[in-house]
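Okay, so here's the structure we're looking at.
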Amino acid sequence: MTHTIDHTHDASATSWVESANGHADFPVQNLPFGVFSTDGEDMRGGVAIGAFVLDLRNVLDADLIEDERDLLHYASFATLNDFFAIPGGPAELRGKLFTALTDASYRDAMEPCLVPMADVQMHLPFEVHDYTDFYTGIHHAMNIGSLFRPDNPLLPNYKHVPIGYHGRSSSIRVSGTPVKRPTGQQKPAEDGGTPEFGPSKRLDYELEMAIWVGRGNELGEPIPVGEAEEHIAGISILNDWSARDIQAWEYQPLGPFLAKNFASTVSPWVVTMDALAPFRAAQPPRAEGDPQPLPYLQHDTSAAAFGITMEVLITTPKMREKGDAPHRLSKGPMTAMYWTAAQLLAHHSVGGCNLQPGDLLGTGTLTSGDEGGEGSLIELTEGGKKTISLPNGEERKFLEDGDEVIMTAYAEKDGFARIGLGECRAIIKG
């Protein structure tokens, strides 16, 4: 599928929804899909436009876009699985909504379908059946490998095969849901000693992006890499929380388990591949001497990456009490992925695994490789050896109870309107 630049990306286009014009995240050029509810009403599909959510069920009931009743029907469900399984459906509806939201003749009829974003509760956009977290950030992999395996930081398979593990879909929560500090076994202080048991003392975040599966594949029928993007619904922000002390004790020989399964947080809006068309970027070239991907992973990578900037910020209880602004911990690009999104889907299905609508694929922590671009505290503190000083004088090595982690992401490019992915945030509870 080719996601082309068209009239919906025109930077000069404005909406009769005034708050959308110049909005940092949700101008009319974006129109991401999500699921929301209001007091006393059921969950239903909506579209972010400026400071409002366009209630798609009300648009359907009012028959405001007559020739898209079927798509509006599926887009107004309490989950978006069926809607994003329709080939070409989300792109078609996004285009029709763009027209309706830029044409003033629709205003009187459609304005009652707008709900202030401040009045809604957001929910997971999909019913998530399966969650796989990859490890595509090569700079993060090198940094973590250096901590756990100083003599062998990057294992020999890394540059040949997209590494991933199957996570826990039942503990995925939408942005704003508190995260309870996990309890578990922790690595003994000395080799051969007895492991400790108790609340994690080294709770960490991981700055990732979420790739949502739209149309799935049949069991036993792999997705060719050249067709993989046809199966991607869109992108959100992902925080794959990690208990580093539990992880250090359990990760050999089978990898992450309790250190990862207690919570993962995603932002609520699905930014479609069509909205991201102007912000496609070339996949960074592999370093000299790196092996080329095997044939089933080879594809045109000239526009296979995404020019998305990611940030992670923190607030503490003391900062919030005094009204201090969140402090930015790091910033970096989504182009830090060693493997493309298409390669992740192709590899995941190559053995015959059937991906389903709403499956969540995490990119893994994306660290830029530059100072200030570390995607986790374990990297920022070099495994807890260094201390991070916050502007108010507080210090952190890992997260403390009451800390709130806020992740944001946005795409911008000269000649186009900036679009954002909203926020992925959660407070740590003891």
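The values are calculated or read from the model by the stated rules, or taken from the named source; none is laboratory data. Quick caveat: nothing in here was measured; it's all calculated off a predicted structure. A quick note on method: Cβ atoms are made from the backbone with ideal geometry, for glycine too, and the neighbour counts reach across all protein chains shown.
Which residue pairs have Cβ atoms under 6 Å apart, sit 6 or more places apart or on different chains, and have a first residue in region 332-357 that is closer than 15 Å to Phe134 by Cα and a second that is charged (D, E, K, R) and part of a helix (DSSP H, G or I)?
Pairs that qualify, where the first residue is closer than 15 Å to Phe134 by Cα and the partner is charged (D, E, K, R) and part of a helix (DSSP H, G or I), are Ala342/Glu229.
Give me a count of the residues in region 98-151 that are free of Cβ contacts under 8 Å to residues at least 12 places away in the same chain and among the small types (Gly, Ala, Ser).
3
From the list Asp245, Asp300, which residue is farther than 22 Å from Glu374 by Cβ, more than 16 Å from the chain's Cα centre (by Cα) and either modelled with pLDDT of 95 or more or in the same structural domain as Arg396 (by TED's automatic domain parsing) (or both)?
On the way: Asp245 fails: farther than 22 Å from Glu374 by Cβ.
So the residue among Asp245, Asp300 that is farther than 22 Å from Glu374 by Cβ, more than 16 Å from the chain's Cα centre (by Cα) and either modelled with pLDDT of 95 or more or in the same structural domain as Arg396 (by TED's automatic domain parsing) (or both) is Asp300.
Scan region 33-68 residue by residue and report those that are in contact (Cβ under 8 Å) with a residue 60 or more places away in the chain and either in a strand (DSSP E or B) or closer than 13 Å to Leu101 by Cβ (or both).
Once the filter is applied, which keeps residues that are in contact (Cβ under 8 Å) with a residue 60 or more places away in the chain and either in a strand (DSSP E or B) or closer than 13 Å to Leu101 by Cβ (or both), region 33-68 yields Phe33, Gly34, Val35, Phe36, Ser37, Gly46, Ala48, Ile49, Phe52, Val53, Leu54, Asp55.
Quick one: is Glu374 more than 16 Å from Val213 (Cα to Cα) and outside any loop (DSSP other than H, G, I, E, B)?
no
Give the number of residues within region 112-158 that are touching a helix residue (DSSP H, G or I) at 6+ places or on another chain (Cβ under 8 Å), part of a loop (DSSP other than H, G, I, E, B) and at pLDDT 95 or above.
Going through region 112-158 one residue at a time, the tally reaches 8.
Matching residues to (1) within 18 Å of Gly375 (Cβ to Cβ); (2) assigned by TED's automatic domain parsing to the domain that holds Pro295; (3) free of Cβ contacts under 8 Å to residues at least 40 places away in the same chain:
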{"residue": "Gly164", "(1), (2), (3)": "yes, yes, no"}
{"residue": "Asp191", "(1), (2), (3)": "no, yes, yes"}
{"residue": "Asp204", "(1), (2), (3)": "yes, yes, no"}
{"residue": "Ala210", "(1), (2), (3)": "yes, yes, no"}
{"residue": "Ala228", "(1), (2), (3)": "no, yes, no"}
{"residue": "Leu238", "(1), (2), (3)": "yes, yes, no"}
{"residue": "Leu258", "(1), (2), (3)": "no, yes, no"}
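Among the candidates His299, His347, single out the residue that is crowded, with 18+ Cβ neighbours inside 10 Å, of a type outside the set (S, T, N, Q) and assigned to a loop (DSSP other than H, G, I, E, B). Outline the logic, then answer.
On the way: His347 fails: assigned to a loop (DSSP other than H, G, I, E, B).
The unique qualifying residue is His299.
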